[in-house]
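Novice: Dropping the structure in here first, questions after.
Bear in mind that the values in this text are calculations on the coordinates, not laboratory data. Quick caveat: nothing in here was measured; it's all calculated off a predicted structure. Cβ: placed from backbone, ideal geometry, glycine included. Neighbour counts: every protein chain shown.
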Amino acid sequence: MSESARKDTPEQAEFRTYCRDWLADNRPADPSVRLPLSPLEIMTQEQLGYLQAWQKSAYDAGLVGCDYPVEAGGGGRNDCQRVANEEMIRARTPFFPNVIGLGMAAPTVLYHAQESVKRDLLPRLLSGEDIWCQGFSEPGAGSDLANVQTFAERKGDKWVINGHKVWTSLAHFAEWMIILLRTDKSHKYDGLSYFVVPIRSALGKGVTVRPLIKITGETGFNEVLFEDLEVDDCYRLDELGKGWQVAMTTLLHERGAGELQTPRAGGLKSKSTHATNTSNLMDLARNTARDGKTAADDPVLRDRMMQMVIREEALKHNQRRARVPALLDHPMRLQLQNKLLSSENSQDIASLAVDIQGAASSLYLGDANAPSGGQWPMAYMNSYGMTIAAGTSEVQRNILGERVLGMPKSK
């Protein structure tokens, strides 16, 4: 029995047994298409369809949105999403496609939207039937999020939106967007308001989505242009001018420091997918020839791999510590620290894999001679998106230094 299971409440213990039994009978078969490294790189309708069907199945079984109120489409349970997550990870199930909806939009809508909007939008969000995206970054507003200029002008009980969002993951599939807008040009922070807006139904009628081709050849990112898009005032979250405060709810949950657990599936292992972890890294080293031996025999590479193993193990224990209230001396410390270090650790693992492959790392997907099917160089290139998303590593260090350690603000 795991340590988490030993500490389960009676409700959690019963739910854990249910999750384990259901997953034993309902874990999906391997996909017929290659899955991307993460939901943010979903490119095709075939990939999306397979993953949406899995999320809908898990939701119908009660493994998604466990702790959300029943009236909002949730399970009405108490701290049971963690249990479902642990069992899905143990069962190595596929990831959920609606990552932005589950991790960012759902808690923001739950805490700040009108009751009618919660009842209308959250069930289809949690089930994965409606994919969501995030409209924060703009060409002139990245790390300086409060500088967004996409403007919403009030006209009666509607708002007219004009502007340009960029780096919008999953916008090419999304029905809805959470969006930070400027509603008053005279105040930087107090001039911001927060909305949810339909974009799929408005394509060609006020919304244009343009895919951005990444260095990997994938199209997970997009730019979204708004031209006189009208939305009802009921889709404004919280009060006018409170957009910055609502955005903090989104960012806290995106960084793993929010109150609600995000539904997270496991790590599906099949010929169609790949995980950037130390286990796969060591397999690569054992199977890579170098100077008549293997890369695993190189003492320098062995030392570097062990450093990765130590870091990976430390991150697991940090996640355990984050579940112990007595160790949470600051509500954001462990979660933000974990976001920062896990994204950089994944990048460093992929970087070491590229070093192990040497010249062969220049071979990519589709090349019959590419080690591991060309997945490691793709993982390395994609890793930079994760050290930028939810605030760059530099922003995370500033937050930890200033808000957690109490250090003076940098100039």
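Novice: Check the straight Cα-Cα distances from LYS293 and name the aspartates and glutamates below 20 Å, setting aside those fewer than 8 residues away within the same chain.
Specialist: Correct list for LYS293: ASP283, ASP303, ASP355.
Novice: Right, here's the next one. Counting DSSP beta bridges in the chain, what percent are antiparallel, to the nearest 5? All intermediate terms of the calculation are to be shown ahead of the outcome.
Specialist: Details: 31 of 37 bridges.
Counting DSSP beta bridges with both partners in the chain, the antiparallel share is about 85 percent.
Novice: Another question, then. What aspartates and glutamates does LYS316 reach when the alpha-carbon gap must be under 16 Å and sequence neighbours fewer than 8 apart in one chain are set aside?
Specialist: Correct list for LYS316: GLU3, GLU86, GLU87, GLU344.
Novice: Dipole of the chain, Cα-centred, from +1 at each Lys and Arg C-beta and -1 at each Asp and Glu C-beta, to the nearest 20 debye?
Specialist: Approximately 700 debye in magnitude.
Novice: Moving on. If you find the alpha carbon centre of the stretch 112-173 and of the stretch 335-400, how far apart are they in angstrom?
Specialist: One Cα centre to the other: 28 Å.
Novice: Taking the stretch 133-254, how many lysine pairs are there with alpha carbons less than 17 Å apart, if each pair must be eight or more places apart or span two chains?
Specialist: 6
Novice: Suppose R0 equals 25 Å. What FRET efficiency, 1/(1 + (r/R0)^6) with r the Cβ-Cβ distance, do LYS188 and ARG210 give to the nearest 0.05?
Specialist: With R0 = 25 Å, the Cβ-Cβ based efficiency is 0.35.
Novice: Now a separate question. Please state the charge dipole magnitude for the stretch 112-200, taken about the Cα centre, from unit charges on C-beta atoms (+1 on K and R, -1 on D and E), reported in debye and rounded to the nearest 20.
Specialist: That gives the stretch 112-200 a dipole magnitude of about 160 debye.
Novice: Using +1 at the C-beta of Lys and Arg and -1 at the C-beta of Asp and Glu, which of LEU341, GLN319, ALA353 has the Cα lying farthest in the positive direction of the dipole of the stretch 310-353?
Specialist: The one lying farthest along the dipole's positive direction is GLN319.
Novice: Report which label in [x] 1.23; [y] 1.01; [z] 0.92 holds the value of Cα Rg over 2.2 N^0.38 Å derived from the coordinates of this structure.
Specialist: Given [x] 1.23; [y] 1.01; [z] 0.92, the calculated one carries the label [y].
Novice: Right, another one. Suppose each label sits 7 Å from its Cα in the direction of the beta carbon; what would the GLN114-ALA314 distance come out to in nanometres?
Specialist: That separation, rounded to one decimal, is 5.0 nm.
Novice: Which of the cysteines found in the chain have nothing to pair with, since no other Cys Cβ lies under 4.7 Å from theirs?
Specialist: Lone cysteines by the Cβ rule: CYS19, CYS133, CYS234.
Novice: Report, largest value first, the span of the C-alpha coordinates of the stretch 122-201 along each principal axis, in whole Å.
Specialist: That gives 40, 32, 17 Å along the principal axes, largest extent first.
Novice: Additional query: Putting +1 on Lys and Arg Cβ atoms and -1 on Asp and Glu Cβ atoms, find which of PHE173, TRP159, LEU40 reaches farthest to the positive end of the dipole of the chain.
Specialist: LEU40
Novice: While we're on this one: From the residues SER410, GLY385, GLY65, which one has its Cα farthest along the dipole of the chain in the positive direction, the dipole being from +1 and -1 charges on Cβ of Lys/Arg and Asp/Glu about the Cα centre?
Specialist: Highest projection toward the positive end goes to SER410.
Novice: Rounded to the nearest 0.05, what FRET efficiency do VAL160 and SER279 have when you use their Cβ-Cβ distance and R0 = 56 Å?
Specialist: 0.60
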